[in-house]
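This report concerns only the one structure given below.
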Amino acid sequence: MDCFFEYIEKIVSVLCKIFVFFASLMMAALVVIVCIDLGLRYFLNAPLLWGTEVTEILLLYITFLGTAWVFKEDGHVVVDVLIGKATGKRKKILMTFSYVLITIVSVVLIYYGFYATYDHYKRGVFNPTILETPIALIIMIIPIGSIPLFLEVLVKGWKLLKQ
């Protein structure tokens with residue numbers, strides 16, 4: 001069983017690196033788009049018509065591409081009033097409870113994310129904006145980004161239970 005979780009950990013590590021690389025590129029693009037849009041709006045009174053829409057999509061993609069990596073690095077914002085003061089068995093129980101909640105949330109995001117993506121794709125729903133982006137392309141990142149999160153929670157949970 002240890003070999004299985006080590007294999008999953010390697011897969012998640014590679015996925016996280018790839019996802020963070022693309023999220024970094026998207027963040028750079030986001031900065032460039034916002035700066036150009038602000039400059040055009042301020043100096044020429046002619047903002048990019050598609051700037052806001054692309055920025056919104058990029059923010060969604062950046063969020064879900066980085067979720068598993070942030071969880072892996074313990075970089076997420078937490079209120080650790082209970083866990084920080086707990087020790088030993090109590091801390092392990094609280095951490096396990098936390099991981100169970102994150103697992104449930106990630107499974108829900110994966111299941112309903114794929115369902116909603118497929119439903120929007122099948123019906124041909126698009127965003128009624130200047131770019132007319134298909135909604136399926138926008139929301140498909142939710143289940144795709146939640147899969148590595150789910151796997152990372154499994155790996156961290158396994159390590160916690162092994163202690």
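Throughout, read-outs are computed from the coordinates displayed, never taken from laboratory work. Note that the coordinates shown come from a computational prediction; the quantities given were computed from them, not determined experimentally. Positions of Cβ are generated from backbone atoms using ideal geometry, with glycine treated the same way; all protein chains shown enter the neighbour counts.
Annotations
- Extension reserve of the residue 86-residue 31 stretch, reckoned as 0.36 nm per residue once the Cα distance is removed: 15.7 nm
- A simple spin-label model places pseudo-atoms 7 Å from Cα toward Cβ; at residue 44 and residue 103 they are separated by 5.4 nm.
- The value for the chain of Rg(Cα) / (2.2 N^0.38 Å) is 1.28.
- Around the Cα centre of the chain, unit charges on the Cβ atoms of Lys, Arg, Asp and Glu (plus for the first two, minus for the last two) sum to a dipole of about 740 debye.
- A simple spin-label model places pseudo-atoms 7 Å from Cα toward Cβ; at residue 1 and residue 161 they are separated by 0.6 nm.
- Span-rule helices in the chain, defined as complete DSSP H runs reaching 30 Å or more along the axis (Cα) with Kyte mean at least 1.6: 2-39
- Sum of -39500 (n - 2.57) over DSSP H runs of 4+, divided by residues of the chain (222 nm, nearest 500): -27500 deg cm²/dmol
- When each of 122/159; 85/162; 10/162 is checked by Cα-Cα distance, pairs over 30 Å: 122/159
- Residue order for 16, 35, fewest other beta carbons within 10 angstrom first, comes to 35, 16.
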